[in-house]
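Quick notes on the structure that follows.
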Amino acid sequence: MADKVLMKGNEAIAEAAILAGCRHYFGYPITPQTEVAAYMAKRMPKIGGTFLQAESEIAAINMVYGVASTGKRVMTSSSSPGISLKGEGLSYLAGADLPALVVNVQRGGPGLGGIQPSQSDYFQATKGGAHGDFHMIVLAPDSVQEMAELTVRGFELADQYRMTAMILADGTMGQMMEPVSLDFKFRDPVEKPWAVTGTGMKREHNIINSLYLKPDLLEKTNFDRFERYKVIEENEVLYEEYKMEDAEICVAAFGIAARVAKNAIDQAREQGVKVGLIRPITLWPFPTKAFAAAAEKVGHFLSVELSMGQMIEDVRLAVNGKAPVSLCNRTGGMIPLPEQVLDAILSIHNGGAK
Amino acid sequence: MVIFDKPHALTDVPLHYCPGCTHGIVHRLVAEVIDELGIEGKTIGIAPVGCSVMAYDYFNFDMIEAAHGRAPAVATGVKRSDPENIVFTYQGDGDLASIGTAETVHSAARNENITVIFINNAIYGMTGGQMAPTSLPGQVTQTSPYGRDVNLCGYPVKVCEMLSQLDGPEYLARVAVNNVKNIKNAKKAIKKAFENQINGKGFSLIEVLSSCPTNWGLTPQKALQWIDEKMIPYYPLGVYKDRSAEKGDE
Amino acid sequence: MATTQYLFAGFGGQGILFSGKLLAYKGLIDGMNVSWLPSYGPEMRGGTASCGVVISDKEVASPIVVTPDVLIAMNLPSLDRYESAVRPGGMIFVDSTLVERKVERTDVQVFYVPATKIASDHNIPKMANIILMGKVLAETNGFENEQAVVDALKKVVSAKHADMLDVNLNAMKIGRDYQEG
């Protein structure tokens, strides 16, 4: 393990981004993601990159829009209330088909909420996050290693599909330290002939734009974009199955909730309860097929979330009425204990669940 | 012999602006300057939300359409990404002095090495003539039908005066395009703003007092007079900051 | 034990997070799976700081330490708050300079180390956490691989303060050799 170093999740994101060739970071201070900015502030000047503390979250996402327009890898990071402010920019990035990486280290909400870990921005992240027909690729790490790996993956997917990739983490993921290996396999860079780099008087001018005043043209643009989304849904779904081989109960959880759920599943297994886990790693595209397949075998689903129950809606859609789907949750910055999840599993096992 | 020609930096797309609107003049001045400086191949323009939202169709160089008020932030990203390129924003008064005030002030404070062309016509044109941050006291608009009441909606924002209080910006000037003499001065100022960027001097903003005959409810000619009679007394023309001149560089 | 959960708690500024990091690095060097999770936010400034460290020969499931096997309490509020959470049969280490009361639990092993006083006596006032850490490692067979302790220290003492390495090591040994009585 000599090649592994202990890093905070937030720092792992920052270093992975640099290794992925990101040389432009724009952000605004907000707990619990400030370490990303602090790391970038230290490193970027030493490697010829740009770290700029923007005047607002809105400015930061628009600086991202500017760099993305020039075809270079660029990122910003924030936490829940800050992501709401970036919403406008996320919609424009989608409308202009620009690649970017946005990190949301979630905290409890709504409003100013709290600063403790949460997963209550699931709807915001997976259902668009702002006005208009669009999606972001949403990646949900459950370890510091995945914080790093999904950062690299996020940049690559963003470039490949010309859209925003979002790392949807939470305060725990951002603050915790775990051993991490930064030995990545990178994909080949994608050509960006659409970028505004100056015509050099050698080509037609490029235009980065999301304005389409003719509705038929805007409709076509949206249809075309959703054709691309279909390819992503077909090819880019990531998830982990844990002890699902003989499972009769399936827990659905991502991020820190999945880590807690694994403890509970191990304890339930010791008591002879056949329970497993499907952990979505991409929240969009959602691993619908995996849940649909599980619905043919398991009798009950349990969605474990740090929210009032948001992912549960996608689990229900995937299960499509074939089995009941229950919720085990804490919210507002609270994290379910393994015992709470275990109780929920045992209650289902004993036929007591709703 | 060619006496009058279209600048190369302009495309052949017909402008959509109303008759008598001075956007066309300012577009042309910018294009002429870019031609004269030979920078078309490395210029990136950033269009706002407002009447000039479709400026990306009119200029021959690479263009970006930004969200409302965010052009200076987008320009910051573009310039930081490719510092050798020439980056300018073209923004109206609602975009620059209302919804984008923070982006304007902070890009100036940072002395971002960009050029800002600021069209001040004291009204929201594209949405049909609502009160702008620069609408004059007493000015009748769709959303100030009894005239701008300063007790109710406050006073106009004087952008050049305000920004001149900052240590950051390199060059701030207010010009007008309502007569030949003013247009000539406007071009000089615009050229200097681009030259400043080429020479790495930093943030230059040219405020251009412009007309909006349609929403002012005036004929084109009367609208040009209105600039002289109403706007210039409230928004005096001139150079509000020129750091190089202060330091005696010139 | 396949998985050991540690909880470090005390005032902000006592080096609580540092101690946890040191232990996590030691686990990593020993070839174990580790996680380190701090409390964060305003409570860190002058208030209570805590961090949970999980060391396991399996993949670490939840990094959140709720029922620690080992509690290191460096002030009274920490002992008050976490004493009841310790797993039966677990261990509690107390900085007895700052915590005047005794541990009430009878189903755990308790070690009282006047770490703050020892540090002060040795004129190394900021090393109470490391002195206590020495005792923790001594009682959890942590010194079986002494080189790992040294290597872990090297990892957490930043290059800027490399001169502090010996001071830390020395403090660690003082704690290791401390006997109650």
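Values quoted throughout were computed directly from the atomic coordinates according to the rules given, and no laboratory measurement underlies them. Here the structure is a predicted model, which is why all the values come from computation and not from measurement. Every residue, glycine among them, receives a Cβ derived from its backbone with ideal geometry; neighbour counts consider all protein chains shown.
One quarter of the convex hull surface built on the alpha carbon atoms of the stretch B:23-247 amounts to 11.3 nm², the projected area averaged over directions. What relative contact order, as a whole-number percentage, does chain B give when Cα pairs under 8 Å and 6 or more residues apart are counted? For chain B, the relative contact order is 19 percent.
Over every pair of different alpha-carbon atoms in the stretch A:51-157, take the mean of 1/r and invert it; report that Kirkwood radius in Å.
14.2 Å
Taking all Cα pairs closer than 8 Å and separated by 6 or more residues, the relative contact order of chain A comes to 17 percent. With only the Cα atoms considered, the stretch B:60-108 has a convex hull volume of 74 Å³ per residue.
Applying a DSSP loop filter and a limit of 11 other Cβ atoms within 10 Å to the GluC sites (Glu not before Pro) in the stretch A:146-194 leaves A:Glu191.
Of the GluC sites (Glu not before Pro) found in the stretch C:77-181, the ones in coil according to DSSP and having at most 14 other Cβ atoms within 10 Å of their Cβ are C:Glu100, C:Glu104, C:Glu180. For the stretch A:240-349, pairs of C-alpha atoms spaced more than 21 angstrom apart make up 24 percent of the total. Rounded, prolate or oblate: which one fits chain C, using the alpha carbon gyration tensor with axes a ≥ b ≥ c (rounded when a/c is under 1.5, else prolate when a/b beats b/c, else oblate)? Judged from the Cα gyration tensor, chain C comes out rounded (a/c under 1.5). Projecting the Cα positions of C:Gly90, A:His300, A:Phe226 onto the charge dipole of the protein assembly as shown (unit charges on Cβ atoms of Lys, Arg, Asp and Glu, taken about the Cα centre) puts A:Phe226 furthest along the positive direction.
Two decimals is fine: what's Rg over Rh for the protein assembly as shown, C-alpha atoms, Kirkwood radius as Rh? Here Rg/Rh amounts to 1.06. Taking a ≥ b ≥ c as the square roots of the eigenvalues of the alpha-carbon gyration tensor, the stretch A:173-252 is classed oblate because a/c is 1.5 or more while a/b is no larger than b/c. What you get for the stretch A:5-235, charging only the Cβ of Lys and Arg (+1) and of Asp and Glu (-1), is a dipole of about 640 debye around the Cα centre.
Magnitude of the charge dipole for the protein assembly as shown, about its Cα centre and with charges confined to Cβ atoms of Lys, Arg (+1) and Asp, Glu (-1), is about 1140 debye.
Would you mind getting the Kirkwood hydrodynamic radius of the stretch B:162-250 from its Cα pairs, rounded to one decimal in Å?
14.0 Å
Please say if chain A is rounded, prolate or oblate, where rounded means a/c under 1.5 for a ≥ b ≥ c the square roots of the C-alpha gyration tensor eigenvalues, and otherwise the choice is prolate for a/b larger than b/c and oblate otherwise? Judged from the Cα gyration tensor, chain A comes out prolate (a/c at least 1.5, a/b above b/c).
If R0 is taken as 25 Å, the Cβ-Cβ distance between A:Met334 and C:Ala2 corresponds to a FRET efficiency of 0.35. Extension gain for A:Glu313 to A:Glu204 (0.36 nm times residue separation, less C-alpha to C-alpha distance): 34.6 nm. Gaussian network model of chain A, Cα springs within a sub-10 Å range: biggest mean-square fluctuation belongs to which of A:Gln145, A:Gln124, A:Gln33? Taking springs between Cα atoms under 10 Å, the residue moving most is A:Gln124.
Let's see if you can work this out: charge +1 on each Lys and Arg Cβ, -1 on each Asp and Glu Cβ, no other charges. What is the dipole magnitude of the stretch A:240-349 about its Cα centre, in debye to the nearest 20?
120 debye
By the rule of a C-alpha distance below 19 Å, with chain neighbours fewer than 8 residues away ignored, the aspartates and glutamates paired with B:Lys181 are B:Glu32, B:Glu207, B:Asp228, B:Glu229. A dipole drawn for the stretch B:23-247 from +1 and -1 charges on Cβ atoms has a positive end, and of B:Gly69, B:Ile119, B:Gln165 the residue lying farthest that way is B:Gln165.
Which value at 222 nm does the protein assembly as shown reach when only helices count, each DSSP H run of 4 or more adding -39,500 (n - 2.57), with the total divided by all residues and rounded to the nearest 500 deg cm²/dmol?
One gets -11000 deg cm²/dmol as the mean residue ellipticity at 222 nm.
The alpha carbon centroids of the stretch B:104-146 and the stretch A:106-151 are separated by 36 Å. Taking the charge dipole of the protein assembly as shown about its Cα centre, with +1 at Lys and Arg Cβ atoms and -1 at Asp and Glu Cβ atoms, the residue from B:Gly200, C:Pro68, A:Met166 reaching farthest to the positive side is B:Gly200.
Under the combined filter of DSSP loop state and at most 15 neighbouring Cβ atoms within 10 Å, the stretch C:25-115 retains these trypsin sites (Lys or Arg not before Pro): C:Arg45, C:Lys58, C:Arg101, C:Lys102, C:Arg105. With contacts taken as Cα pairs under 8 Å and at least 6 residues apart, the stretch B:113-250 reaches a relative contact order of 30 percent.
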